[in-house]
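*Asks:* Following this message is one structure expressed as structure tokens.
The values are calculated or read from the model by the stated rules, or taken from the named source; none is laboratory data. Quick caveat: nothing in here was measured; it's all calculated off a predicted structure. Heads up, the Cβs are rebuilt from the backbone with ideal geometry, glycines too, and the neighbour counts pull from every protein chain shown. With ligands, DNA and RNA removed, areas are computed over all heavy atoms of the protein, side chains included. Shrake-Rupley method; radii C 1.70, N 1.55, O 1.52, S 1.80 Å.
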Amino acid sequence: MIKEAFIDFFRRQSLKRHSSSNQTEILPISRIKSYAAIIDVEDPTYDTCKTAIINFFRRYEINGIIFFQDFRDIGNGDRLITSIQTTITKKDLNWYGRPSDYKLKVLAERDPDILICLLNDPSYPMEYLIRTSGARFKIGRKQLGGDVFDVVLRDPGDKTLSQLESFNAVKDFLLKIK
């Protein structure tokens, strides 16, 4: 109990100190020059979703990066199935869950116009990544405290969508913005 309160205190302080102060807004696809997306490798559609994201933005000549959440226990004989530079694993987190400076720098260097989080319920490390990103337009599936996302596309009623289904909804939304 005391340990969790201590960790929560450090998490709140870290977010308060490092959250981006950039003004965000809804951007039409014509004003987006770069993107970042966050997906979970434990979703069965992650590989198809990754391809769909890349193909969609390539069609509009928008460069970007995809970050992968991979908190599975990876044994000695197992290998990562995603890029080491853009995959956030348990080993990349400090004692209270903050992603490593290297991973944060990779995102900051890309300076995306739009950040899309396809996680249904972002964990603290992903929330940290989202809040500290200087992206001008943020889309998610579940609103975080302080209205971090400009647009939230929730799962309908009692159905939980896959990341691919959620990205298809994001695509449809982006194409409607003028």
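*Asks:* Quick one: how many residues across the range 109-121 are buried (at least 23 other Cβ atoms within 10 Å of the Cβ) and closer than 21 Å to Thr48 by Cα?
*Replies:* 5
*Asks:* Is there any pair linking a residue in the range 130-148 that is farther than 11 Å from Ser19 by Cβ to one that is open to solvent by less than 20 Å² (accessible area, probe 1.4 Å) and small (Gly, Ala, Ser), with Cβ under 7 Å and at least six apart or on different chains, and which?
*Replies:* Listed by first residue and then by second, the contacts come to Ala135/Ala36; Arg141/Ser166.
*Asks:* Being over 17 Å from the mean Cα position of the chain (by Cα) and either of a type in the set (Asp, Glu) or open to solvent by less than 20 Å² (accessible area, probe 1.4 Å) (or both) is the requirement here; does Asp73 meet it?
*Replies:* The answer is yes for Asp73.
*Asks:* Of all residues in the range 30-49, count the ones that are open to solvent by 60 Å² or more (accessible area, probe 1.4 Å) and touching a helix residue (DSSP H, G or I) at 6+ places or on another chain (Cβ under 8 Å).
*Replies:* Here the count works out to 1.
*Asks:* Quick check on the range 143-174: of everything there that is out of contact with any Leu (no Cβ under 8 Å at 6 or more places or on another chain) and of a type in the set (D, E, K, R), which residue is modelled with the lowest pLDDT?
*Replies:* Taking the candidates together, the pick is Asp158.
*Asks:* Would you be able to say whether some residue in the range 90-101 is open to solvent by 70 Å² or more (accessible area, probe 1.4 Å), part of a loop (DSSP other than H, G, I, E, B) and of a type in the set (S, T, N, Q)?
*Replies:* no
*Asks:* Could you figure out which of (1) open to solvent by 100 Å² or more (accessible area, probe 1.4 Å); (2) in contact (Cβ under 8 Å) with a residue 12 or more places away in the chain isn't true of Ser19?
*Replies:* Status for Ser19: all satisfied but (1).
*Asks:* Quick one: would you say Leu129 is closer than 19 Å to Leu174 by Cα, at pLDDT 95 or above and surrounded by 14 or more Cβ atoms within 10 Å (Cβ to Cβ)?
*Replies:* Against the criterion (closer than 19 Å to Leu174 by Cα, at pLDDT 95 or above and surrounded by 14 or more Cβ atoms within 10 Å (Cβ to Cβ)), Leu129 does not qualify.
*Asks:* What's the number of the only condition in (1) in contact (Cβ under 8 Å) with a residue 40 or more places away in the chain; (2) crowded, with 16+ Cβ neighbours inside 10 Å; (3) among the hydrophobic types (A, V, I, L, M, F, W, C) that Ile7 fails to meet?
*Replies:* So Ile7 meets the others, but not (2).
*Asks:* If Ala52 satisfies every condition in (1) open to solvent by 30 Å² or more (accessible area, probe 1.4 Å); (2) modelled with pLDDT of 95 or more; (3) more than 14 Å from the chain's Cα centre (by Cα) but one, which is the exception?
*Replies:* (1)
*Asks:* Right, another one. Would you mind finding the one in Thr82, Thr51, Thr24 that is in a helix (DSSP H, G or I), among the hydroxyl-bearing types (Ser, Thr, Tyr) and either under 23 Å from Asn120 (Cβ atoms) or free of Cβ contacts under 8 Å to residues at least 12 places away in the same chain (or both)?
*Replies:* Going through Thr82, Thr51, Thr24 in turn, the sole match is Thr51.
*Asks:* In addition: Assess whether Ile74 counts as being in a helix (DSSP H, G or I) and either in contact with a helix residue (DSSP H, G or I) (Cβ under 9 Å, 6 or more places away or on another chain) or within 20 Å of Ala108 (Cα to Cα) (or both).
*Replies:* no
*Asks:* Has the range 121-130 got any residue that is assigned to a loop (DSSP other than H, G, I, E, B) and out of contact with any helix residue (DSSP H, G or I) (no Cβ under 8 Å at 6 or more places or on another chain)?
*Replies:* yes
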